[in-house]
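> Would you mind keeping the following structure in view while I ask a few things?
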Amino acid sequence: MHDGLRHTRGAAAAIAEICARPPFVKFAGIGNIAGTIYRPGATRHTVSLNGTLGHQARTFREYSYPWESDAMFVMHSDGLGTHWSLDDYRGLQQRHPAVVAAVLYRDFSRQRDDVTVVVGREAA
């Protein structure tokens, strides 16, 4: 991806994999991409390294985080504000991930930048 973006303005990107056995999340990100593992009453933020894919990305590193079956993973670009909490929305964490993404986009989009929001969890 890094080499393929050299002729462009560059990009921020991340990839996450939720592994069921043993339960953990693998995450690797470069640039302004935020990842959050959300459980009722508990939030854990993932590490995305500084840089721009295609231009200046010195280090690529995968991080692993514990995962619980009732958790939800939220990943978004910097066009979405970071001061959100699903705890502020009663019952939202039980809704379909697309609904969660839409609510976060509606309420926290910065309106001055593009925004991408991806929400996932284990299938019931």
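The values are calculated or read from the model by the stated rules, or taken from the named source; none is laboratory data. Here the structure is a predicted model, which is why all the values come from computation and not from measurement. Keep in mind that these areas ignore ligands, DNA and RNA; they rest on the heavy atoms of the full protein, side chains included. Shrake-Rupley method; radii C 1.70, N 1.55, O 1.52, S 1.80 Å.
> Could you tell me what percent of the accessible area of region 9-124 is made up of carbon and sulfur, with a 1.4 Å probe and every protein chain present? Display every interim value, and only then the final one.
On the way: 3400 of 7080 Å².
Carbon plus sulfur share of accessible area: 48 percent.
> Could you run the Karplus curve 6.51 cos²θ - 1.76 cosθ + 1.60 with θ = phi - 60° over region 16-27 and give me ³J(HN,Hα) per residue in whole Hz, x for Gly and Pro?
Those phi angles translate into 9, 10, 8, 9, 7, 9, x, x, 7, 10, 9, 9 Hz.
> Using alpha carbons only, how many angstrom separate the centre of region 72-121 from the centre of region 1-40?
Each part reduced to its Cα centre gives a spacing of 16 Å.
> Stick to the Cα atoms of the chain, pair each with every other, and give me the Kirkwood hydrodynamic radius in Å at one decimal.
On the way: mean 1/r = 0.0658 Å⁻¹.
Taking the inverse mean of 1/r over all distinct Cα pairs, the chain comes out at 15.2 Å.
> Another question about this same structure. Comparing GLY79, GLY91, GLY35, which has the greatest mean-square fluctuation in the GNM of the chain with Cα pairs linked when under 10 Å apart?
Taking springs between Cα atoms under 10 Å, the residue moving most is GLY91.
> Provide the per residue accessible area, probe 1.4 Å, for the chain, rounded to a whole number of square angstrom.
Details: 7790 Å² over 124 residues.
Per residue, the chain has 63 Å² of solvent-accessible surface.
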